[in-house]
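Have a look at the structure below before the remarks.
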Amino acid sequence: MDAIRCMACFAVVLVHVTYDGGNGGNHAIGIYGYYAVASASIVFFMLTGALTLWRPRPLGPFLRERMLRVAVPMFIWSTITLLAECLAGRAIWHELPGKLVKSLVCPQVPYFWFIYMVMGMYLFVPILAAWLKQSSRRQVRLVLLVWFSSLCVPACSLIWPDCSHLFSNEYGTLFYSQGYMGLLLLGYYLRRWGDISHFRWWHVAIFILLLSVPLVLHVTHWHTATFVHRLAPNVVALGAVLVLLAKRMTFPTWSLRPMYVFSQLTFGVFLTHRIVTHLLVVPWFTAWQPNYWYGIPLATIISVLICATIAYALSFTPLAPWLGCSIGPRFSK
């Protein structure tokens, strides 16, 4: 779980460095964006399901714990981020009070949409956990099959362009109502039953096919958004494959403690990376104008190092729990 969280955190920053510093559609941007989206928000949703659906809990205590750990730091960093953008001249001061009020109900920092989505799902987590406790593997697989089938519906836009409306929350009722909630269930399933004893040739073939999607899109000029959307079936499948591969990995003893610490700081990295990438790293790289192929990963590494340093420093302060930068009990293995 620590390794998956670290990987997903790096990928989230890669997504936003890629699109903020894109500057006009280079082929590298589409490729990095595809892989990062698959291993970023998709994996984080699955990780949320794997961690919260494992055992039923009373609704009240569960929501109180989650809201204090997630909502309060998010509102604090929303305020800090909006103030920083005003000070940098990226936002208008007289709009600040209105944005702070709106942040109570909808994200005013674009990157934070994920947190609002997850907080809405928390209301249903105890219900799903209670159902999963008495459900068989076959029943869970049936629900996942129906859910995954709904994700394939927007691909009809390749034949009927009007189906592209299914990507919007206004028209895509089937697509959106099940979409992100299904990722929680998939994460639970992969944690409980997603073990592969040994890889067969068709496992490798599927993985290569999923990795080659950007090349196929580049050659065929198909509707890219259909296959690079967060809930595109190929993106979800690639995210699931990454989780399965992570479960098969082994790590040297010396790496466990640093990996644990960084995994504990991933929420702090997420909360701070808008300021670091948008106001510092991306403008610097835009002025430098390096080649996208090495510039994007280099900017991502620098952003993650800066954000992790900030989060680690804040973890020693009394405000750490309120800023999403606290480190849990000492790792004992």
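What to note about this one:
- Two-decimal ratio, the range 179-333, of alpha-carbon radius of gyration to 2.2 N^0.38 Å: 1.28
- Net length available on complete extension from Ile92 to Arg192 is 31.1 nm, with 0.36 nm assigned per residue and the Cα-Cα distance removed.
- Sites Tyr294 and Leu256, calculated FRET efficiency, Cβ-Cβ separation with R0 45 Å, nearest 0.05: 0.90
- Distance between the pseudo-spin-label points of Leu83 and Ala287 (7 Å out from Cα toward the beta carbon): 2.5 nm.
- FRET efficiency for the pair Arg138 and Val101, taken as 1/(1 + (r/R0)^6) with r the Cβ-Cβ distance and R0 = 41 Å, rounds to 0.30.
- The range 82-121 shape via C-alpha gyration tensor axes, a/c threshold 1.5: oblate
- Placing pseudo-labels 7 Å out from each Cα toward the beta carbon at Ala130 and Met117 gives an inter-label distance of 2.7 nm.
- Gain on full stretching of the segment that runs from Val204 to Leu59 - 0.36 nm per residue minus C-alpha separation: 48.0 nm
- Gained length - Met67 relative to Leu305, 0.36 nm times residue gap less alpha-carbon distance: 82.9 nm
- Treating r as the C-beta distance of Leu244 and Leu280 and R0 as 56 Å, the FRET efficiency rounds to 0.95.
- Using θ = phi - 60° in the Karplus curve 6.51 cos²θ - 1.76 cosθ + 1.60, the 3J(HN,Hα) couplings for the range 292-301 round to 4, 4, 9, x, 5, x, 5, 4, 5, 4 Hz; x is entered for Gly and Pro.
Readers should treat all values here as calculations from the given coordinates under stated rules, not as data from a laboratory. Keep in mind it's a predicted model, so treat the numbers as computed, not measured. Cβ atoms come from the backbone with ideal geometry, glycine included; neighbour counts cover every protein chain shown.
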